[in-house]
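The values are calculated or read from the model by the stated rules, or taken from the named source; none is laboratory data. In this text the structure is predicted, and so the values were computed from the model without any measurement. Note that each Cβ is placed from the backbone with ideal geometry, even for glycine, and that neighbours are counted across all protein chains shown.
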């Protein structure tokens with residue numbers, strides 16, 4: 001989901017100095033690949049979050065791994081923070097120069113390096129976006145399923161351990177990144193993993209870097225798994241009398257092991273916003289958006305099973321998206337739910353949530369959260385990758401009314417606390433960034449966060465790689 | 001595979017002192033849970049590898065997390081190595097006291113702590129074995145698929161990132177461990193992960209510990225995924241005119257995305273050994289052992305597809321294992337292939353390999369390796385989890401003939417070098433332990449191994465947790 005946040009407070013850490021000699025050295029090395037223009041810095045000094053932070057002092061546009069290595073080496077020498085940047089679609093303030101420093105833009109590193117169709121893998125530079133990747137491999141009959149909504153870069157998606165609508169079947173970046181090339185805090189280039197499907201060769205550095213939000217290294221190459229395009233794809237919407245019916249249908253689908261490819265939920269309130277925004281006329285009640293992948297017979301079997309389950313919960317008939325174009329329209333409407341929400345209240349900002357809970361607790365986690373939002377009287381939208389137990393609330397607040405912001409943060413706090421009690425996580429797919437640092441400690445305990453800090457200190461002794469994200473040192 | 005090794009050389013590291021005061025403190029804390037009897041120490045001083053190393057100075061039988069924490073705390077105080085021990089089925093010398101110290105036996109921590117059938121998860125103590133786990137959850141209609149052959153503990157399987165025959169469909173321990181409780185090098189108890197299916201909450205400590213071979217922490221609790229027992233299961237064997245035909249059939253099955261549950265290969269030579277050992281009369285030619293999971297129709301569809309592919313490669317008719325008993329007999333014979341191999345040459349030892357390559361290179365990797373073994377004239381067996389691109393050679397040497405050992409190690413070296421060139425890994429599932437430390441550097445480079453060392457030094461500053469495994473410091 002492509003969703004700005006309004007955080008309660010930034011961790012209070014001073015901006016670190018960016019010595020003129022460092023900028024001069026960068027200028028000498030990078031020439032026109034360096035920009036200090038305010039407009040460029042400002043564009044790199046924000047992401048989809050809405051923190052108010054001074055922009056970075058400069059932006060380096062890397063064109064290859066050597067550029068990344070040289071930029072980081074110089075930054076290490078001068079102890080200057082380096083913040084990797086893809087397309088700026090992250091949601092938790094990951095890209096903000098909270099301690100000053102430079103932005104390292106890898107969007108020009110956008111080559112698909114090698115397509116190994118016969119192994120179902122592809123190796124790309126970090127600035128390749130997911131849509132670009134799928135375009136470039138179209139002729140192979142394969143696809144890359146991870147779809148967080150935004151047309152994010154593969155590097156950024158790796159760094160935040162992204163997932164999205166297809167994860168219920170195909171997993172997240174955690175399961176789909178096989179190997180990385182990474183520039184470490186000293187500027188050294190290392191490789192993790194291989195193209196083999198499995199390995200027991202030492203510490204799993206690949207999965208340590210995936211989700212590390214740019215704090216342990218700069219990703220300069222990513223090898224991911226691909227999947228054969230399914231022979232048959234069917235997509236449908238299905239409306240339910242109550243939100244609980246839709247949620248309980250989802251729970252049963254997952255518990256029965258149906259290999260559903262997408263299972264998304266929008267509540268009545270959100271459907272209304274989506275209808276207005278995308279000029280649709282979906283029935284205004286809680287709705288599941290479903291997609292099935294497989295052989296023609298396999299898909300039929302899945303559909304029959306899911307229809308039975310849905311019917312038991314009072315579902316209306318499935319409305320099928322018969323053509324690829326209709327499917328695209330359906331999923332575009334889903335992906336635009338955030339914008340539909342924000343536009344429903346002109347001038348508002350969204351404070352969004354990202355909990356994920358064990359599937360049996362989805363009803364407890366989700367229904368109470370929606371009830372609390374309704375009772376609070378704050379406009380909201382609700383969308384969910386519910387097949388994974390993951391859903392997002394977006395509280396639509398007037399940014400000029402501190403009491404609304406406080407109310408939204410309070411609702412968020414109640415929601416996260418509930419999810420953690422139910423065995424869940426404070427962030428299913430967006431990452432910790434700036435906004436969830438307190439929740440991370442609540443979730444995993446001081447001991448685990450202290451272990452993370454110990455690793456960070458060891459691998460980045462001068463704390464130059466995206467400092468202040470996930471935790472402060 | 002349950003396979004001893006004969007390594008070329010142990011890394012030369014001195015045994016570290018185990019002060020009498022430390023043993024006295026252990027005695028005071030653990031009483032009858034401590035053993036210094038030679039027979040007990042010797043039993044804990046070896047695993048399925050065949051290194052000749054002095055046994056640990058003592059064995060602590062932990063009964064709960066507090067015991068583990070207290071033992072590690074004392075060891076930290078006295079700087080004594082601690083080697084976690086489950087059932088002793090590891091293959092790469094993981095359990096050997098190469099630097100001295102104590103064995104920390106967790107096999108009495110064998111409780112299934114909570115079955116969350118409705119979430120498809122279970123939380124167990126580390127000493128629970130995979131067969132025990134499947135017995136205890138039988139009534140839920142769920143199962144835990146990871147099957148490395150040996151009845152290993154879930155703790156040990158986590159520590160070595162184990163996989164086995166079902167991994168081609170269900171993944172390895174990497175994909176199936178959701179959360180851990182771990183005792184760190186200071187004796188602190190931490191938790192990693194949650195029961196949520198996905199999370200972006202900070203560094204992926206769960207997957208850092210999985211596969212760390214006891215060097216970063218002692219696992220005291222594991223939460224793993226479960227799967228609904230498939231409605232239909234069919235297993236079959238299928239013989240091929242040549243080894244190449246069997247391998248190429250496998251490659252096509254995987255490339256077409258067939259969700260096969262098991263796809264195992266034995267060559268003609270190995271079939272002969274298995275027939276003799278398990279009193280079977282399998283046709284003596286290269287053979288795939290296959291298993292299909294799914295709905296009845298889904299299984300039929302998979303079978304039809306695979307039969308078509310196999311027929312194109314000249315396969316004989318499938319021989320079906322019709323009953324659960326026949327299936328068990330088939331897989332037992334497969335799991336006993338190692339013993340069949342070793343018994344085929346009385347008094348021999350097996351030096352085994354564990355490479356895994358991208359699926360398109362399986363033929364290159366496997367056929368050349370078998371040819372080299374044949375040409376060298378050394379007796380061998382060959383079994384493979386070929387659906388994953390993973391196979392094992394076992395060179396059957398006379399331990400009294402150094403020239404045979406040297407030849408086997410040379411064949412192993414050629415085989416690993418080839419796999420690495422093809423984009424593969426030196427160990428698909430057994431781990432690095434003592435035997436593959438050189439190959440690890442070849443595979444991933446000095447930079448990545450140095451990063452592993454940096455993490456180890458930071459998290460275990462006195463190098464007490466299973467020191468000398470994966471790498472020496």
*For the range B:393-414, does any single residue satisfy the condition of being under 21 Å from the mean Cα position of the chain (by Cα), within 14 Å of another protein chain (Cβ to nearest Cβ) and modelled with pLDDT of 95 or more?*
no
_Residue check, residue B:237 under 19 Å from the mean Cα position of the chain (by Cα) and closer than 30 Å to residue A:121 by Cα_ = no
*The lone exception for residue B:470 - which of (1) within 12 Å of another protein chain (Cβ to nearest Cβ); (2) under 21 Å from the mean Cα position of the chain (by Cα); (3) in a helix (DSSP H, G or I); (4) crowded, with 21+ Cβ neighbours inside 10 Å it fails*: (3)
*Just checking, how many residues over the range B:331-385 are more than 22 Å from the chain's Cα centre (by Cα), surrounded by 20 or more Cβ atoms within 10 Å (Cβ to Cβ) and either within 14 Å of chain A (Cβ to nearest Cβ) or closer than 18 Å to residue B:253 by Cα (or both)?*
2
*All positions within the range B:244-285 that are in a loop (DSSP other than H, G, I, E, B), farther than 21 Å from residue B:172 by Cβ and either under 24 Å from the mean Cα position of the chain (by Cα) or without any contact (Cβ under 8 Å) to a residue 12 or more places away in the chain (or both)*: B:267, B:279, B:281
_Hits in the range B:121-145 - residues which are under 30 Å from residue B:81 (Cα atoms) and within 14 Å of chain A (Cβ to nearest Cβ)_ = B:123
*Go through the range B:301-321 residue by residue and tally those that are without any contact (Cβ under 8 Å) to a residue 12 or more places away in the chain and within 14 Å of another protein chain (Cβ to nearest Cβ).*
3
*Please note which helices (runs of 4 or more DSSP H) are completely contained in the range B:121-177 and include at least 2 residues that are touching a helix residue (DSSP H, G or I) at 6+ places or on another chain (Cβ under 9 Å) and within 19 Å of residue B:90 (Cβ to Cβ).*
B:130-136, B:154-160, B:173-176
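A quick yes/no check of all residues on (1) modelled with pLDDT of 95 or more; (2) touching a strand residue (DSSP E or B) at 6+ places or on another chain (Cβ under 6 Å):
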{"site": "A:264", "(1), (2)": "yes, yes"}
{"site": "A:283", "(1), (2)": "no, yes"}
{"site": "A:299", "(1), (2)": "yes, yes"}
{"site": "A:304", "(1), (2)": "yes, no"}
{"site": "A:309", "(1), (2)": "yes, no"}
{"site": "A:312", "(1), (2)": "yes, no"}
{"site": "A:321", "(1), (2)": "no, yes"}
*Go through the range B:111-120 and count every residue that is more than 14 Å from chain A (Cβ to nearest Cβ) and touching a helix residue (DSSP H, G or I) at 6+ places or on another chain (Cβ under 7 Å).*
1
_Answer from B:224, B:247, B:210, B:258 - the residue that is under 17 Å from residue A:448 (Cα atoms) and in contact with a helix residue (DSSP H, G or I) (Cβ under 7 Å, 6 or more places away or on another chain)_ = B:210
*Residues of the range B:417-447 classified as within 11 Å of chain A (Cβ to nearest Cβ) and surrounded by 24 or more Cβ atoms within 10 Å (Cβ to Cβ), total*: 14
